[in-house]
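The values are calculated or read from the model by the stated rules, or taken from the named source; none is laboratory data. This structure is a prediction, so every number in the text was calculated from the model and none was measured. Cβ placement follows ideal geometry from the backbone for every residue including glycine, while neighbour counts extend to all protein chains displayed.
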């Protein structure tokens, strides 16, 4: 078992640093919070977490396919699964396509620009390789001290990827999709986000209540949308602006509890007035019609009726505010 103790401004930041040091995704690391971050008037204490990676889990996962192999050892023909396992990496490498000369020229320009930026950031010795997967060209960066090139939740990596794409596509030729992957972070982050999206999507489908995720950058939001689109019973939308833009997952079932559709249905039922009060339906003659509200001020029906002879005159209706202090000076003599 490997353990590291890492500090950060927040618990989440310390957790990500610990996962990077261990080189494992978040699902394979157990986190123990040692100290919560605190802020005082003149001093702030960072968060401290203890990350533990159980290396014994990896062999245990490999022992599952090993059990059938031990049983089938006497039978020679059943050695085929080993061949199938060896063929799996070949399929992964087959996905990589050759890079054309025009694309390679653009990649070389982007790599030269990135190396200049890496040197200015003090990243030290780095190894840069390029490849093409599907329709996207990937620039992979490896090194001993490349954590600064990733940043918080990969924000620095995405910014560098955007700048490299601008440099590459300023050159003449067909537009290319370019991505930057530092120390395999992109693949690990994609797996974490896909797992998170599936977990939250299942929760929304089960409870029928929408769920707003934490703010994310466009790259992370695309992964969430792509994962949710492959699930049944849920859909996703991006809400907010700027740094607060986030993904909200909604249930697609209109009968789900807690949805706006259900609240509208409840508002249309009988027995409710137009403003949410109880109407006359279901309460007999005591109810009010159409949600009407009676005034608490009695109507002055006697105002227009003819008056009897000899009756006392009515007080005139006041139409102007009377100021008792009008005409007096601001300061006057006070007699004791």
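Listed values, structure above:
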| quantity | calculated |
| --- | --- |
| Residue list for the stretch 1-41, filter: over 20 Å from residue 147 (Cα atoms) and free of Cβ contacts under 8 Å to residues at least 12 places away in the same chain | 38, 39, 40, 41 |
| Residue among 189, 206, 199 that alone is in a helix (DSSP H, G or I), at pLDDT below 90 and out of contact with any strand residue (DSSP E or B) (no Cβ under 6 Å at 6 or more places or on another chain) | 189 |
| Test: residue in the stretch 149-171 that is outside any helix (DSSP H, G or I), at pLDDT below 90 and surrounded by 14 or more Cβ atoms within 10 Å (Cβ to Cβ) | yes |
| Of residues in the stretch 136-147 being touching a strand residue (DSSP E or B) at 6+ places or on another chain (Cβ under 6 Å) and surrounded by fewer than 16 Cβ atoms within 10 Å (Cβ to Cβ), the one farthest from residue 188 (Cα to Cα) | 136 |
| Of residues in the stretch 220-245 being in contact with a strand residue (DSSP E or B) (Cβ under 8 Å, 6 or more places away or on another chain) and either in a helix (DSSP H, G or I) or within 13 Å of residue 196 (Cβ to Cβ) (or both), the one modelled with the lowest pLDDT | 221 |
| Some residue of the stretch 191-199 being crowded, with 19+ Cβ neighbours inside 10 Å and farther than 30 Å from residue 101 by Cα | yes |
| Residue match in the stretch 52-60 (condition: modelled with pLDDT under 80 and surrounded by 13 or more Cβ atoms within 10 Å (Cβ to Cβ)) | yes |
